[in-house]
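Accompanying notes for the structure given below.
The values are calculated or read from the model by the stated rules, or taken from the named source; none is laboratory data. Everything numeric in this text was worked out from a predicted model, so none of it was measured. Glycine gets a Cβ as well: all are built from the backbone with ideal geometry, and neighbour counts include every protein chain shown. Keep in mind that these areas ignore ligands, DNA and RNA; they rest on the heavy atoms of the full protein, side chains included. Shrake-Rupley method; radii C 1.70, N 1.55, O 1.52, S 1.80 Å.
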Amino acid sequence: MTTIEVRAPQPVLSIRQTVPIAELTRAQGASLRELWGFLRERGLSPSGPPFVRYHTFGDVETDVEIGVPVGDAVTGAGRISRGELPGGRAITTVHLGAHDRLGDAYDRVQARLATHGQAAGPGWEIYEWIDLTREPDPSSWPAPADWRTQLVLPIT
């Protein structure tokens, strides 16, 4: 189901980088491990599952942000920056299953957008099947058929 909801702003720690499309999966995995290590070293816990936000997505490379929600008082260091996922109105939908069919969920979001506003910045994917309270290990994740990914697109 695709819905419109009002979301609260969410403090995050994230790594933003420009990555060749061919290296995207590797970069996401490395960033998740780096974020997990950062939280672990400081005795912090995430406030929710990690996200990926595509600021631009070209044919050859993408400006991508990989992050994790945190509490208000957390600060970043080095490549890890403190930021915020915006609050306000947003179109949301959930995709169940492997990401090779994620385009269907994006189509649902775009159909809703056509009648309910304009995009107010880049959207993001929330990977509900990844728990950054534990070291990221793809071998321990559920089968792709069981992945639950929420899409969020802020709107005006």
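Quick note on the chain: its Rg to Rh ratio, both from C-alpha atoms and Rh being the Kirkwood radius, is 0.95. Over all Cα atoms in the range 71-156, the spread is summed up by Rg and Dmax: 15.3, 42 Å.
Considering the dipole of the chain built from charges on the beta carbon (Lys and Arg +1, Asp and Glu -1) around the Cα centre, which of Val12, Pro144, Phe51 is farthest to its positive end? Positive-end residue among those listed: Val12.
The residues of the chain expose, per residue, 52 Å² of accessible area to a 1.4 Å probe. Here the chain has 51 percent of its accessible surface on carbon and sulfur atoms, given a 1.4 Å probe and all protein chains in place. Cα centroids of the range 1-62 and the range 116-148: 9 Å apart. With every protein chain in place and a 1.4 angstrom probe, the accessible-area ranking of Thr18, Thr149, Thr2, largest first, reads Thr18, Thr2, Thr149.
Full extension of the chain between Ala98 and Arg33 yields a length gain of 21.3 nm, computed as 0.36 nm times the residue separation minus the alpha carbon distance. Among the protein heavy atoms, those of Trp124 account for about 10 Å² of accessible surface (1.4 Å probe, every chain in place). Oblate is the label for the range 40-96, because a/c, from the alpha-carbon gyration tensor with a ≥ b ≥ c as root eigenvalues, is 1.5 or above and a/b does not exceed b/c. Placing +1 on the Cβ of every Lys and Arg and -1 on the Cβ of every Asp and Glu, with no other charges, gives the range 28-156 a dipole of roughly 340 debye about its Cα centre. If the segment from Ser140 to Ser47 were pulled out straight at 0.36 nm per residue, it would be longer than the present Cα-Cα gap by 31.4 nm.
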